[in-house]
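Q: So that we are looking at the same thing, I have put the structure below in structure tokens.
The values are calculated or read from the model by the stated rules, or taken from the named source; none is laboratory data. Keep in mind it's a predicted model, so treat the numbers as computed, not measured. So basically every Cβ, Gly included, is an ideal-geometry build from the backbone, and we count neighbours across all protein chains shown.
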Amino acid sequence: MPHSSVLANIRAIFLHPMAHVTTRHAAALLGWSMTQLRIAITQGDLETETTCSGIRVPLAEVATIARDRWQPVLIERALGENAKDILPDVLRTRSVSLRLSKYLVATLHHLAVKEGVPVDVIAARQLDLLAVEHADELAAVVAGFAEATEWPTKQDVQMIA
């Protein structure tokens, strides 16, 4: 099971009442050091804005990194009852049953324990990579594919904030 601080951070990001956070708060929410945050800003991976209160990170930026970092299954779990109001239906999770070789099951369990996340997070991450690899094809045949891969947009986060 993921550490409770990760779940708390996910809740804090997606249920945040303001449109911006301080750089220190953004780093804390993402579980980053200030050095990691500065590197992300310098490399253009994270944008900041100057507000009347100083340099701030738009919540949309933090939410986008959170979505890239944490699978919808983990976000949904962290949000609990609020998930239905925040996640688009296409990202809401569904149970599936798979038949896998024993070594693959053991691999999933090992990686999940190593990362401190549920097995479904590991499997979903790998399926996301497969979906990205075939994005052009899937966008044409899978309903909601673009919405799922582009979420959250700035407008989605503004509705949350």
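Q: If you scan segment 114-150, which residues turn out to be surrounded by 14 or more Cβ atoms within 10 Å (Cβ to Cβ) and under 25 Å from residue 4 (Cβ atoms)?
A: 117, 118, 119, 120, 121, 122, 123, 124, 125, 128 - these are the residues of segment 114-150 that are surrounded by 14 or more Cβ atoms within 10 Å (Cβ to Cβ) and under 25 Å from residue 4 (Cβ atoms).
Q: Across segment 1-39, which residue is modelled with the lowest pLDDT among those that are among the β-branched types (Val, Ile, Thr) and buried (at least 17 other Cβ atoms within 10 Å of the Cβ)? Full working, then the answer.
A: Here is the first cut: in segment 1-39, the residues among the β-branched types (Val, Ile, Thr) are 6, 10, 13, 21-23, 35, 39.
Of the ones still in play, those that are also buried (at least 17 other Cβ atoms within 10 Å of the Cβ) are 6, 10, 13, 21, 23.
On the way: 6: 89, 10: 94, 13: 94, 21: 94, 23: 95.
Here the residue is 6.
Q: Within the bounds of segment 94-104, is there any residue that is over 13 Å from the mean Cα position of the chain (by Cα), closer than 24 Å to residue 5 by Cα and free of Cβ contacts under 8 Å to residues at least 60 places away in the same chain? Step through it out loud before you land on a result.
A: Taking segment 94-104 first, the residues over 13 Å from the mean Cα position of the chain (by Cα) are 94-104.
This time we only want the ones that are closer than 24 Å to residue 5 by Cα, so: none.
No, every residue in segment 94-104 fails to be over 13 Å from the mean Cα position of the chain (by Cα), closer than 24 Å to residue 5 by Cα and free of Cβ contacts under 8 Å to residues at least 60 places away in the same chain.
Q: Let me confirm something: among 132, 57, which residue is in a helix (DSSP H, G or I) and either of a type in the set (Val, Ile, Thr) or touching a residue at least 40 places away in the same chain (Cβ under 8 Å) (or both)? Steps first, answer last, please.
A: Numbers: 57 fails: in a helix (DSSP H, G or I).
Result of the check over 132, 57: 132.
Q: For the subset of segment 76-127 comprising residues that are part of a loop (DSSP other than H, G, I, E, B), modelled with pLDDT of 90 or more and among the small types (Gly, Ala, Ser), which member is nearest to residue 8 (Cα to Cα)?
A: Of the residues in segment 76-127, the ones part of a loop (DSSP other than H, G, I, E, B) are 87-88, 92-101, 116-118.
If we keep only those that are modelled with pLDDT of 90 or more as well, we get 87-88, 92-101.
Among the residues that remain, those that are also among the small types (Gly, Ala, Ser) are: 95, 97, 101.
Details: 95: 24, 97: 29, 101: 35 Å.
The extreme case among them is 95.
Q: Can you find a residue in segment 42-57 that is within 14 Å of the chain's Cα centre (by Cα) and surrounded by 13 or more Cβ atoms within 10 Å (Cβ to Cβ)? Write out each step before concluding.
A: Within segment 42-57, the subset within 14 Å of the chain's Cα centre (by Cα) is none.
No - not one qualifying residue is present in segment 42-57.
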